[in-house]
Amino acid sequence: MIPVPAFLSNPERFMAFSRWAAPMFGALAVILALAGLYLGFTAPEDYQQGDTVRIMFIHVPAAWMSMFVYACLGTASFLSLVFRHALADAAAQAAAPLGAAFTALALITGSLWGRPMWGAWWVWDARMTSVLVLFLFYIAYMALRAALDDETKAARAAAILALVGLLNLPIVKFSVDWWNSLHQGASVFRFDGPTVADVFLYPLILMALAYMSAFGSLWLLRIRGEVWRRRAEALAQRAARA
Amino acid sequence: MLDFDASPYGAYVWPAFAITALVFIGMIVSAFSHARHWRARTEALRQIAEQAEAARPPAPPSEAHVP
């Protein structure tokens, strides 16, 4: 059995933990975003891309988050499916709309960056196509949960779908290595260190941490909402039986 | 020095930032309204359940307690 901290497996303890953790992550996200935007708008123009390089500070973190959130969704789905943690299922359900939003942002801002740099809003490049597939997995997960009336069956079916979708993550990550792509290869997470100049790297890292903190805050808040919703439905069922 | 002059790419840079801001606002509003709605609903249902419990007549004593 995988040890799970009590604040992640016990709803009462989770509610007590998230009551202070959600606003703390939210405040951290605001501070990091302000610092990242300040450094981003004081950085010089790129000698090849001009001012479009500033789109990198909002596009790349969104793309990273699209994968990270899906990894969270997959892990929570696994815990829900195998260990029947009710909070894990709530966590998976709460992650899906946030992941879909980050993925949509990655696609839209990427398109706005691609048009002036590549001359096209969209191409069926391996990276872009696999991220579109990732977006469709998020949508399918939410649609499947909404389509089935029996919440237990919906949770199981959606968890299985989420686990299948995990196979797409390495495809997104390594698509630029496996196929010819308009996207460049990895330039930050490399064994030999980042190849991005520090003036662009620091705001990029700060913005990525801001996105991560924002996700932490919103995820906790959405899980709290899910816990309340499940309590409300349990109370309504009890009232109907009485 | 802050550089907000994105020309000649302003038509791409500013919409990207504006859409990002809108999506974040949407995520924040949606998360808050979802949590608030269900918290209020839970508290209302809990209150109704407590009132129903208080209004219920006491159960008659069982035979075991009759002297």
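Points worth noting:
- Dipole in debye (nearest 20) - the protein assembly as shown, about Cα centre, beta carbon charges: Lys, Arg +1; Asp, Glu -1: 1000
- Within the range A:218-242: backbone nitrogen closer than 14 Å to the residue A:149 label point (7 Å, Cα to C-beta): none
- Restricting the calculation to Cα atoms, chain A shows an Rg/Rh of 1.02 when the hydrodynamic-style radius is the Kirkwood one.
- Put in order of Cβ neighbour count within 10 Å, fewest first, the listed residues A:230, A:238 become A:238, A:230.
- Amide H contacts under 5 Å for residue B:3, placed H, 5+ residues apart: A:42
- Packing-based exposure ordering (other Cβ within 10 Å, fewest first) of A:125, A:177: A:177, A:125
- A straight chain from residue A:86 to residue A:10 at 0.36 nm per residue would run longer than the Cα-Cα distance by 26.5 nm.
- Residue range of chain A that is longest and free of chymotrypsin sites (Phe, Trp or Tyr not before Pro) which are both DSSP loop and sparsely packed (at most 16 other C-beta within 10 Å): A:48-120
- Calculated from backbone phi, Karplus (6.51, -1.76, 1.60) coupling profile of the range A:194-201 in Hz, x at Gly/Pro: x, 9, 7, 4, 4, 4, 9, 5
- Residue B:43 paired with residue B:4, simple spin-label distance in nm, labels 7 Å along Cα-to-beta-carbon: 4.0
- Here the Karplus relation 6.51 cos²θ - 1.76 cosθ + 1.60, evaluated at θ = phi - 60°, turns the backbone of the range A:203-219 into coupling constants of x, 5, 5, 4, 5, 5, 5, 5, 4, 5, 5, 4, 4, x, 5, 5, 5 Hz, with x for every Gly and Pro.
- Counting neighbouring Cβ atoms within 10 Å and putting the fewest first, the residues A:123, B:29 line up as B:29, A:123.
- Angle in degrees between helix B:10-55 and the longest Cα principal axis of chain B, rounded to the nearest 10: 10
- In the protein assembly as shown, taking the dipole from charged Cβ atoms about the Cα centre, the farthest positive-side position among B:7, B:54, A:184 is held by B:54.
- Virtual spin-label span in nm between residue A:191 and residue B:36, 7 Å along Cα→Cβ: 5.2
- Along the axis of the charge dipole computed for chain A (Cβ charges of +1 for Lys and Arg, -1 for Asp and Glu, origin at the Cα centre), the listed residues A:92, A:64, A:165 are led at the positive end by A:92.
- The range A:75-81 - phi-based ³J(HN,Hα) in whole Hz, Karplus 6.51/-1.76/1.60, Gly and Pro as x: 5, 5, 5, 4, 5, 5, 6
- Cβ-based charge dipole, chain A, positive-most Cα from A:216, A:227, A:29: A:227
The numbers here are math on the coordinates, done by the rules we state, and not lab data. Computed from a predicted structure; not experimentally measured. We place every Cβ from the backbone using ideal geometry, glycine too, and count neighbours over all the protein chains shown.
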